[in-house]
Amino acid sequence: MSESEQSPSTPKQGVRQFWGDLSTEGRWLLSTVAVQTLGRGLTLPFTVIYLNEVRGISLDLAGALMAFIAVVALAVTGPGGALTDKVGARRMLLFATSAQLVGCVILAFATTPWTVALAFMFLGFNFGVSWPAFNALVAAVTTGPARQQYFGINFALVNLGIGLGGVIGGLYADVDNPSSFTVIFLADAASMLVPIALLLGPLRHVHGRAEKPEGTEGAGGSYLEIVRQPAVVWMTVLTFLGTFVGYGQMEAGFPAFARQVSEVPTEVIGFAFALNTAVIVGLQFAVLHRITGRRRTRVLLVMAGLWAAAWVMLGLTRFAPGTLVAAGGVLAFHALFALGETLLQPTIPAITNDMAPDHLRGRYNAVSAGAFQSGTILGPVVAGFMLNHRWSTAFIAMLVVICGAMALLALVVERRIPAGVNGLEAEPVVPSAEPAGAGPGDGVASAAETKATETKAAETRGAESPVVGSRAARS
């Protein structure tokens with residue numbers, strides 16, 4: 001796509017233009033993301049280490065407890081998506097963030113598997129409800145190519161906060177000093193006060209809810225009707241596999257492998273997460289520049305290849321445990337994994353929200369979140385079981401094979417979704433004479449009709465969107 005074809009909000013014309021085009025609500029959401037996620041970074045790399053090495057919980061049970069978070073999240077995701085469409089994203093985010101705060105406080109003082117499970121119940125509620133609510137709110141403040149850019153920039157800021165937290169947590173947390181872990185989990189809880197203040201303050205008038213268009217009574221509103229669509233089915237499977245092989249391993253498989261097989265200290269693990277952040281923050285804008293206007297499914301193909309290479313790199317560290325070579329391999333793993341993340345995060349959320357009607361966006365995102373939660377249920381369980389039985393080679397081989405399956409699925413999805421949903425610009429309409437006797441209502445709609453329908457839908461979206469249409473929608 002040539003430079004002249006770029007829309008005003010694409011990365012080629014700069015982040016400053018994108019920022020200037022955002023509503024006030026969109027700016028608030030982006031400007032505080034890094035602070036919100038700093039506390040998450042303090043604990044993310046070290047939760048399984050905390051359970052295993054500080055609280056004396058076996059890796060098998062620790063993996064099962066980590067998976068319990070996703071079990072709870074999966075149970076509440078469906079109702080959470082429906083409620084997001086009904087009562088609005090802001091209220092659901094308030095409930096979710098408050099639950100995260102309570103869970104972190106309990107976890108800071110948890111000494112038994114039962115209290116850990118109680119804490120994880122609150123964390124799971126947050127993860128299950130916040131995903132569809134937050135993505136619905138983001139989709140409400142953006143449209144078109146700007147939506148993909150927003151998801152990418154938001155992801156970079158999330159990782160900036162998590163990466164900084166990971167460095168601080170890696171330097172401060174000490175398995176020989178249990179109170180150090182209590183401090184970082186309390187700090188995680190305190191960081192939740194930032195989004196709570198944001199939602200009660202500057203965003204108190206935003207609800208993130210769209211009204212159902214007239215004439216859509218009983219049409220496409222149930223989860224069953226949504227998941228009957230082939231494109232949704234394949235995207236759900238692709239999301240599940242991506243989560244299992246990726247994020248489902250970040251809190252269990254990766255740190256456990258790095259400690260037990262690579263035999264690197266916690267400082268290296270913390271800096272690996274920091275390197276992950278550096279790659280994402282440093283390259284996300286360049287990646288957005290490169291992928292805008294390209295098929296999102298082809299972007300996912302490249303991501304699958306990068307993740308396969310990353311897991312191979314980590315697996316090779318088993319031949320030099322406890323050495324600088326192993327430490328370098330652990331760091332290289334996160335560098336490659338992060339590059340893949342810069343391709344994943346602007347694509348799957350954008351495809352999901354471009355497929356979704358405005359008034360069902362909470363439910364579409366809930367389906368995607370359900371796939372994510374399912375991957376995080378199985379990921380820690382499988383990792384904990386295999387690594388506890390010293391099956392490290394089989395563990396790496398399994399993940400590489402799944403990356404190959406993801407590449408194949410991306411090609412399947414490509415044949416199921418429209419070009420516009422796949423990130424391509426709409427083709428210009430070329431007027432053509434209609435055959436004699438043919439009318440607008442005969443057969444398949446003409447290109448002009450299709451374009452007119454898309455234009456009307458865009459206008460309707462602007463009118464219905466609680467933020468884009470009014471810039472300050474009232475609850």
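All of the numbers you see were taken from the coordinates with simple rules; none came from a lab. What you see is a predicted model; the values in this text were computed from it and never measured. Cβ placement follows ideal geometry from the backbone for every residue including glycine, while neighbour counts extend to all protein chains displayed.
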(message) If I take R0 = 25 Å and measure r between the Cβ atoms of Val401 and Val227 in this structure, what FRET efficiency does the formula 1/(1 + (r/R0)^6) give, to the nearest 0.05?
(response) 0.45
(request) With a point put 7 Å past each Cα toward its Cβ, work out how far Arg204 is from Arg416 in nm, to one decimal. (result) 4.4
(message) How would Arg90, Arg295 line up from fewest to most surrounding beta-carbon atoms within 10 angstrom?
(response) Arg295, Arg90
(message) Just to check I understand the Karplus step: with θ = phi - 60° and J = 6.51 cos²θ - 1.76 cosθ + 1.60, what whole-Hz values come out for region 127-134, glycine and proline as x?
(response) 5, x, 8, 6, 4, x, 5, 5
(message) Rounded to the nearest 20 debye, what is the charge dipole size of region 176-330 about its Cα centre when +1 sits on each Lys and Arg Cβ and -1 on each Asp and Glu Cβ?
(response) 620
